[in-house]
Amino acid sequence: MKIFLLRGNSCPDRVSCPHLFATDRGTHVIQGRVRPNTVCKPGQAIVEIPLTLIPEITSHRHPDLHLTGGGTALVRGARVTDPEVLAAIHLSADESLVEIAANILPTLEVSH
């Protein structure tokens, strides 16, 4: 799988590194903090991201998106295990990547 950065900032200190990527498969990959103590199906994960990464989701409803009420959202998707993707993105111990279908997110504004 090939990924292309859509949104997110560089974070050399590795303190907070949420990113949104498009893939060559027509899906999205989201990098966020692992949400501990959540129940998922095998092969899935839930990550927590700040709403500033994808503010459009505040007015969008989907079973795989949940607003926390604390300025963040939970996103459930397939845990990314592709070795090339994982090698390209240096995750901290409390981060993970999830892949979601493109239609889970609302239409995204282009970020510059």
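Observations, loosely collected:
- The residues in region 57-112 that are among the basic types (Lys, Arg) and under 12 Å from the mean Cα position of the chain (by Cα) can be counted, and the count is 2.
- Residue, nearest to the chain's Cα centre (by Cα), within region 1-33, restricted to residues that are part of a loop (DSSP other than H, G, I, E, B) and modelled with pLDDT of 90 or more: 18
- Matching residues, region 32-61, being touching a Leu at 6+ places or on another chain (Cβ under 8 Å) and under 17 Å from residue 107 (Cα atoms): 51, 53, 54, 56, 57, 58, 60
- The sole residue among 36, 50, 106 that is modelled with pLDDT under 90 and touching a Ser or Thr at 6+ places or on another chain (Cβ under 8 Å) is 106.
The values are calculated or read from the model by the stated rules, or taken from the named source; none is laboratory data. Since the structure is predicted, the reported quantities are computational estimates derived from the model, not experimental observations. Because the Cβ atoms are built from the backbone with ideal geometry, glycine has one as well, and the counts that use them run over all protein chains shown.
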